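K.L.:
I have a structure I would like to understand better, so I am pasting it below and will then ask my questions one at a time.
The values are calculated or read from the model by the stated rules, or taken from the named source; none is laboratory data. Computed from a prediction, not measured in an experiment: that's the story for all the values here. In this analysis, Cβ positions are derived from the backbone assuming ideal geometry, glycine residues included, and neighbour counts consider all displayed protein chains.
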Amino acid sequence: MKILIKNVEMVDAEGRRFGKVLIEDGKIKKVYKEKGNVKSEYDQEIDGRGYLLMPGFIDMHCHLRDPGFEYKETMETGMQAALKGGFTTLVAMANTNPFMDEAALVKANLDKAEVLQLCNLIQVAALTKEFNDSNLVDIESLRPLTNVFSNDGVSIVNPDIMVAGLKASTEYDFILLTHCQPETELVRRDVKLLEENGGHLHVCHISKKDTVELIREAKEKGLDISCEVTPHHIFAAALDYKVNPPFRTYPDRYALIVGIKDGIIDMCGTDHAPHSEEDKLKGAPGINNFEMAFAMYYTVFDQNGISLEKLSDMLSNAPAKRLGIKAGLIKEGYPADLVLVDVNWEGKINPQEFVSKSKNNPFGSETLKGKVMMTMVKGEIKYDDNRSALS
């Protein structure tokens, strides 16, 4: 199957240019300049006039709730929601039921994703058995299946376990993702332990000004550390809606935006955390983000004079590089994981019309900018806005 996307402006971390993209066998076969002649035959043509073509988004941090919490979300509904939001690769956290702390469990989820043929899945493995604070998982058996380990949702309080995890991340070459609460205190400790022991550390969903400064200092020392920010923490502040970490102050929100501009914050992660209405009413922390994330990010970036190239880097190229996968750019030989977006669209997104099972997002009354029109994975159209419920 050969597909030509024509009349389109391409945007990725390496810049903007007009042209055409030829896709063959799930990969980008050729990128043509605006007036380049396409001599190859093709089976399908997509006119991208008026839209921007971007690399598929890579979500460094999401919760699919599968297995064990399928009443909140299933892998299938979560991936369908992700595709509507432009996400083609998902890094799914390990706090399922049972926890992803054994090779057979991780493999079962990878197999399920392979059968679904929706998004690419990187299944995170737990760092410790059942998220306890004392026993590492059998990393040697899990490492062939994943290069990401995390107890996200539970902080690693025991410093000995954190040291063991950091050392293992060097020995087995994986990324250790940390959920830090109290945020700044644990990040300060973890940076110190990283400096003393080495390792590959990624700090999830940072939300505070002091945390940005700690990571800035760690990077200046040359430590192998990266971090992510969520759409809701840069979009709003001082909001009475339960998320984890909570909405912070306006100075904290501003510091996150400055951290993006300065390159201290590396990438975006939705922290998509679907809940049933009943669980949310009982106080479950979390927000459903897949279908609103791009518009929230783009709105904030546009308001603050941050380029779309920078957003593409944070949504696609930077996570791909951190994960060690060939993705995140519009280049020949790369997977045809691509997104068409309309950056001129303005409107409201109704959470009640999410394709996700859950609707827990408080921003339905906000006017946002930017809309995903089409999502393609390995050269196959997986989402088309003709079926969209956006208003």
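K.L.:
Is there any pair with a first residue in the range 116-138 that is assigned by TED's automatic domain parsing to the domain that holds SER155 and a second that is at pLDDT below 95 and buried (at least 20 other Cβ atoms within 10 Å of the Cβ) whose Cβ atoms are under 9 Å apart and which are 6 or more apart or on different chains, and what are they?
P.N.:
Short answer, once both residue conditions are applied: none.
K.L.:
Moving to a separate point now. On the basis of being closer than 30 Å to GLU332 by Cα, under 20 Å from the mean Cα position of the chain (by Cα) and outside any strand (DSSP E or B), does MET54 make the cut?
P.N.:
Numbers: closer than 30 Å to GLU332 by Cα: yes; under 20 Å from the mean Cα position of the chain (by Cα): yes; outside any strand (DSSP E or B): no.
No: the conditions fail for MET54.
K.L.:
Say whether the condition of being buried (at least 20 other Cβ atoms within 10 Å of the Cβ) and either over 26 Å from CYS227 (Cβ atoms) or touching a His at 6+ places or on another chain (Cβ under 8 Å) (or both) is met by at least one residue in the range 35-42. Before you say what the answer is, go through the steps one by one.
P.N.:
Quick first cut of the range 35-42, residues buried (at least 20 other Cβ atoms within 10 Å of the Cβ) only: none.
No, every residue in the range 35-42 fails to be buried (at least 20 other Cβ atoms within 10 Å of the Cβ) and either over 26 Å from CYS227 (Cβ atoms) or touching a His at 6+ places or on another chain (Cβ under 8 Å) (or both).
K.L.:
From (1) out of contact with any Pro (no Cβ under 8 Å at 6 or more places or on another chain); (2) surrounded by fewer than 24 Cβ atoms within 10 Å (Cβ to Cβ); (3) in a loop (DSSP other than H, G, I, E, B), pick out the condition that doesn't hold for GLY199.
P.N.:
Every listed condition holds for GLY199 apart from (2).
K.L.:
Right, another one. Across the range 106-130, what is the total count of residues that are over 28 Å from MET376 (Cα atoms) and crowded, with 20+ Cβ neighbours inside 10 Å?
P.N.:
To start, the set of residues in the range 106-130 that are over 28 Å from MET376 (Cα atoms) comprises 126-130.
Narrowing the set further to residues that are crowded, with 20+ Cβ neighbours inside 10 Å leaves 126-128.
Qualifying residue count for the region: 3.
K.L.:
Evaluate the following for GLY26: is it in contact with a strand residue (DSSP E or B) (Cβ under 9 Å, 6 or more places away or on another chain) and surrounded by 21 or more Cβ atoms within 10 Å (Cβ to Cβ)?
P.N.:
Details: in contact with a strand residue (DSSP E or B) (Cβ under 9 Å, 6 or more places away or on another chain): yes; surrounded by 21 or more Cβ atoms within 10 Å (Cβ to Cβ): no.
Criteria not met by GLY26.
K.L.:
At least 1 residues that are small (Gly, Ala, Ser) in each: list the strands (runs of 3 or more DSSP E) lying fully within the range 113-191 that qualify. It would help to see each step written out before you state the result.
P.N.:
Values: elements: 120-123, 148-150, 175-178.
Ranges flagged: 148-150.
K.L.:
Need pairs with beta-carbon distance below 6 Å; first residue not assigned by TED's automatic domain parsing to the domain that holds ASP160 and within the range 179-196, second modelled with pLDDT under 95 and not polar (S, T, N, Q); sequence gap 6+ or separate chains.
P.N.:
If the second residue must be modelled with pLDDT under 95 and not polar (S, T, N, Q), no pairs are left.
K.L.:
If you take the residues of the range 243-272 that are in a loop (DSSP other than H, G, I, E, B) and of a type in the set (D, E, K, R), which of them is surrounded by the most Cβ atoms within 10 Å (Cβ to Cβ)? Please lay out each step first, then the result.
P.N.:
So in the range 243-272, the residues in a loop (DSSP other than H, G, I, E, B) come out as 243-249, 263-266, 269-271.
Next, only the ones that are of a type in the set (D, E, K, R) stay: 248, 266, 271.
Numbers: ARG248: 21, ASP266: 24, ASP271: 28.
Filtering the range 243-272 for residues that are in a loop (DSSP other than H, G, I, E, B) and of a type in the set (D, E, K, R), the one surrounded by the most Cβ atoms within 10 Å (Cβ to Cβ) comes out as ASP271.
K.L.:
Right, something else. Looking only at the range 273-288, filter to residues that are crowded, with 20+ Cβ neighbours inside 10 Å and out of contact with any helix residue (DSSP H, G or I) (no Cβ under 6 Å at 6 or more places or on another chain); which one of those is farthest from THR88 (Cα to Cα)?
P.N.:
From the range 273-288, those crowded, with 20+ Cβ neighbours inside 10 Å are 273-275, 280, 286-288; that's our starting set.
If we keep only those that are out of contact with any helix residue (DSSP H, G or I) (no Cβ under 6 Å at 6 or more places or on another chain) too, we end up with 273-275, 280, 286, 288.
Details: ALA273: 17, PRO274: 18, HIS275: 22, LYS280: 27, GLY286: 22, ASN288: 17 Å.
In this case the residue turns out to be LYS280.
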